[in-house]
Structure formats: structure tokens, C-alpha cells
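A.B. asks: Here it is: the structure, laid out below.
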Amino acid sequence: MWWDERVSARFRRNLQPTLTYWSVFFSFGLCIAFLGPTLLDLRCQTQSSLSQITWVFFSQQFCLLLGSCLGGVFKRTLAQSLFALFASSLAISLVFAIIPLCHNVVVLAVVMAVAGLAMGCIDTISNMQLVKIYQKDSAIFLQALHFFVGFGALLSPLIADPFLSDTNCILSNGTANTSSNLPHIRKSLVPHHPGNLSRYDLPMKGMVVTHVSYAFWIMALINLPVPIAVFFLLYKERMVPCFNRSSHPLLSADELAMEARPAEKDDPSTAMQRPQAARGHDDLFSCCQSKNFRGASYTYFAVHITGALVLFMTDGIVGEYSGFIYSYAVEEPLSVVHKVAGYLPSLFWGFITLGRLISIPVSYRMKPATMVFINVVGVLVTFLLLLIFSSSVVFLFVGTAGLGLFLSSTFPSMLAYTEDILQYKGCATTVLVTGAGIGEMVLQLLVGSIIHEQGSYSFLVCGMIFGGLAFTFYAFLLFFHRMYPKPSSDLDATSPDKPAVTDDNGLYQR
């Protein structure tokens, strides 16, 4: 087997919670990728302009960021974490069911804001809980966790595709008798920005003929088993109020370790380090308290900041590329046919999913730092080639696949690498998740505005700039890693972060 028996035994002991966190991230993936392909149909449903519907993207990303910051509040106990995950995954199913009933763009933005809050809580809590359970062995399980994001994000555009409109989905008086198909719409352009669909206004009044509602209802049903799985975990842990009287809760990992090592329970070095390790999973507000900064070196802050900036850029690229690749492809000079362009977001997420699947065994053999280096260099080179071959439809598909492959493992690898640098004593998980969320929100809004003003070619130029910045920030992170003080060997020997000492004896951290 490509992992050792120790890691395998730990996985078996934590099988149900691990599978539950993976399934909850599937909900996250379902909800993150459907807006791009369904954008035109949602405009028809809400009878809104492109600039108005863009605020739906913003509301989702802003509340995803807010949810990521607030998600740490619910991590204080396992019960709080699981109840938050149950509510969040159930909210996503309800959002999918409600979206077809939203005929006003403001109402749709509010509904997507609720989805963003749920996604943010899922993002923070699931990452934190897996890092808590597996600590030094968390890299491989984080790769698997983010594989499920890619799988959900791959599935939602494929579900939506059969229900997307082939024709103008609002029939006004002028189009009621003659069908106006999308290729014709994309040729009806203003002189200064050929191919710029954002400049074309759909009819704002008329009969809506979109069938995209069926796609959302299917996604709501597909997602429904996820909150059920979380509820079963709550039931197993006897945290459901009606079922918690007849059983005692499981011991925590630390308590089991103390039972296994009674001679060490009064060891001062171990006692001092446990609360420090736990502090690495605080919410953003707790992390910002001044008491956490006392005695910290400048490299402590530099590792947090540069790690967050790398993910700001790379996760921002994921958001803006998946959101605008469809619009870029259907505009000149490429002018890809509607149905063919609809496969690009699915191809992008498909190779993100494939890359994360490949990264599961690779992460066990390769250091996270090496994986991140390969990722950021690959992103930079891919955008350079996309710019060179910007008139080739074939290379657009090849480049989209390559970009998805290189971006696939960046987040989990960076999270594992940064947590390892800080010995699980900083606020890396919280800061990195927050930085990634800000990047997705800000870069998507920024690129949308630039494309609207400068034309479609600026889409690739922005990606090249963001890729270059990600590489630069990663180079700074490597420098600060070399400067960061290493723990002494005697502290390492008694550290609770050592899997063979503390976590191997536990079943499930409460």
C-alpha cells in the first residue's frame, strides 16, 4: 500500500468522521461552480443585466469570506462543529430548491449570500477538524477533502448543461415569432468591443422560457444525503438531544493518550505545548488577539501573510477562471459555439478533480513545499502559453485542462506546508482559509470589471499577472521558512503534534 500501516490504522479509527467531512465538501463543490454556466439563464429568470447579476457572484463570495471567518467560532467543541456542518449542508439543499423561485435579482443575491455563509462554515470547519485529527499526516487527507470539492464542482455544470437555453430565453414582442439563437446574440455587438457579450442587453420584458429550474432541483436532491450523513455522525456521538442519555461520549485523543502514558501526565513540557497546539485552530477574531502575538518573531507573521497571499492569488485564479472562461470563449477572436464552450468549466473542474485524486498518493511521497512549487510554476507557464496561443481553440481546451491540474492541489498542499512550518501553533488554517476566500471574492469582481472595460483578451493578461504574483509570494514564503526558528529536538520528542505519541492513541478529537 502507498501509505504505511500507522496512517491506515488511524484512518480506520476515524473512518466515519473523515468520510463525513469529505461528503460535506462535496456540498461545497456543488455550490461553487454552477453560477458560471447558468449565468445567462439566471439573467433571464431575474430579467436583469450582466452588471446586476454580477452582484450575485459578489454576494456569494463576500458571505463565503464572512462564513470562513465565523466558522472558527463553531470549532470550540465537536458538537458545535457538527451542528454547524449539519445546518450548512442542509442550507445548501434549501438554496438549490429556492433558486428557481427567485425572479428578482436582489432576492437571488440574498439567497446566494446564505449559500456563501454555509460554504464558508463548511470550508473552515472541515479543514480544521481534519488537521486536528491527523496533524502531521493531514496532507494526504486534505488532498482527498479537496478532491470532493472538485468532484462536486465538476458535477454541477454537467447537471446544468442539458437544461441551458439554446435560444434567447426571454421572448419579447420582437422575438416571440422568430427565434434568436445565442450565436446570433453574440454577433449583435457594439463597434468598440467586438465579441463583448457584457455589452449586449437581453430583452428585459417578455416570457421567460428557461428550464434551468430542473437542474437546481436535481442538485438539491443529490445534496440531501450530505446533511443526513452529518446527522448520523451526531447520532453516533450521542450529541442529538433526544438520544444522548444512554451513552457516555468518547474520550478525547488527549485523554486517551494520557491514559496510555500515565507517567507523563505531569510532564511540564507536554502540558505547556498542548494549549499552544490547540491555539492553531482559533477563529479569526481569537487569532487577532494581542496575547497571541507576545514574543512572536517577525517570521511568524511573515509565514502567515505570505502563505495567505499565495492562496489569495491561486484561489482567486480558480474563481475568476471558472467564472469567466465561458464568457471569454464565446467572444472573438475564438467565438466558440455555445454548447462547446459550456464544456470548458466542466473540463476545468474535471482536471482539478483528477489532479486532487492523483495528489492523494503523491502527497504521501512528495513534500508539500515541492508540490506547491510545481503548482505555481505550472500555473505561470500555462498562462504564458495561453497568451501565446490565444487564437487557438484547441489550445484553450488544453490550457484549461493543464491549469486545472496545476491548481488542483495548491490549497491543501499550502495548508499542510504552512501548518508544518508553524508546528501547529499559529493560526495558519484560519488565516489561509480567509486569504483564499478574499482572493476568490476580490479577483473575480476585479477581472469582471476589467473584461467589461478592456475586452476579453485582458482575461488572460490578468491570469498571467496573478500567477506571477503567486510565484513571487511563494518565493518569499520559502525565504521566511529558512529564517523561521526550528524547535529543539527535545521539544519535538514530547510534542503533542507528534503522531506516534499523541494522536495515534486517539479515536476522534472532541
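The values are calculated or read from the model by the stated rules, or taken from the named source; none is laboratory data. Fair warning: this is a prediction, and the values are worked out from it, not measured in the lab. All Cβ positions, glycine included, derive from the backbone under ideal geometry; neighbour counts span all protein chains shown. When the accessible area is computed, the model is the full protein with side chains, heavy atoms only, and any ligands, DNA or RNA have been set aside. Shrake-Rupley method; radii C 1.70, N 1.55, O 1.52, S 1.80 Å.
A.B. asks: Sort out which residues of segment 324-353 are of a type outside the set (Phe, Trp, Tyr) and touching a Leu at 6+ places or on another chain (Cβ under 7 Å), and write them in order of number.
C.D. replies: Just the residues of segment 324-353 that are of a type outside the set (Phe, Trp, Tyr), to begin with: 325, 327, 329-342, 344-347, 350, 352-353.
Residues satisfying the conditions are 325, 327, 329, 330, 331, 334, 338, 342, 346, 350, 352, 353.
A.B. asks: Let me ask you something else. Out of the helices (runs of 4 or more DSSP H) lying entirely within segment 342-435, which hold 2 or more residues that are among the aromatic types (Phe, Trp, Tyr), in the same structural domain as residue 331 (by the TED database) and crowded, with 19+ Cβ neighbours inside 10 Å? Spell out how you get there, then give the answer.
C.D. replies: On the way: elements: 343-365, 368-388, 393-407, 410-421.
Qualifying helices (runs of 4 or more DSSP H): 343-365, 410-421.
A.B. asks: Restricting the search to segment 60-81, which residues are open to solvent by less than 10 Å² (accessible area, probe 1.4 Å) and either among the β-branched types (Val, Ile, Thr) or within 19 Å of the chain's Cα centre (by Cα) (or both)? Write out each step before concluding.
C.D. replies: From segment 60-81, those open to solvent by less than 10 Å² (accessible area, probe 1.4 Å) are 60-61, 64, 67-68, 71-72, 78, 81; that's our starting set.
Matches in segment 60-81: 60, 61, 64, 67, 68, 71, 72, 81.
A.B. asks: For segment 219-242, how many residues are of a type in the set (A, V, I, L, M), under 20 Å from the mean Cα position of the chain (by Cα) and under 18 Å from residue 15 (Cα atoms)?
C.D. replies: Total meeting the criteria: 2.
A.B. asks: Oh, and also: Select from segment 91-136 the residues that are of a type in the set (A, V, I, L, M), open to solvent by less than 60 Å² (accessible area, probe 1.4 Å) and either over 19 Å from residue 39 (Cα atoms) or outside any helix (DSSP H, G or I) (or both) and list them in ascending order. Write out each step before concluding.
C.D. replies: Keep residues of segment 91-136 that are of a type in the set (A, V, I, L, M), which gives 91-92, 94-95, 97-99, 101, 105-115, 117-119, 122, 125, 128, 130-131, 133.
Now narrow it down to the ones that are open to solvent by less than 60 Å² (accessible area, probe 1.4 Å): 91-92, 95, 97, 99, 105, 108-109, 111-113, 115, 118-119, 122, 125, 128, 130-131, 133.
Scanning segment 91-136 gives 91, 118, 119, 122, 125, 128, 130, 131, 133.
A.B. asks: Something else now. Would you mind finding the one in 153, 144, 87, 79 that is within 15 Å of residue 32 (Cα to Cα), in a helix (DSSP H, G or I) and in the same structural domain as residue 29 (by the TED database)? Step through it out loud before you land on a result.
C.D. replies: Numbers: 144 fails: within 15 Å of residue 32 (Cα to Cα); 87 fails: within 15 Å of residue 32 (Cα to Cα); 79 fails: within 15 Å of residue 32 (Cα to Cα).
When all the criteria are applied, what remains is 153.
A.B. asks: Take the residues of segment 1-59 that are over 30 Å from residue 211 (Cβ atoms) and not in a helix (DSSP H, G or I): which is most open to solvent (accessible area, probe 1.4 Å)? So that I can check it myself, show each step before the final result.
C.D. replies: We begin by selecting, within segment 1-59, every residue over 30 Å from residue 211 (Cβ atoms); these are 1-22.
Now drop any that are not not in a helix (DSSP H, G or I), which leaves 1-4, 14.
On the way: 1: 162, 2: 101, 3: 30, 4: 58, 14: 3 Å².
Among residues in segment 1-59 that are over 30 Å from residue 211 (Cβ atoms) and not in a helix (DSSP H, G or I), the one most open to solvent (accessible area, probe 1.4 Å) is 1.
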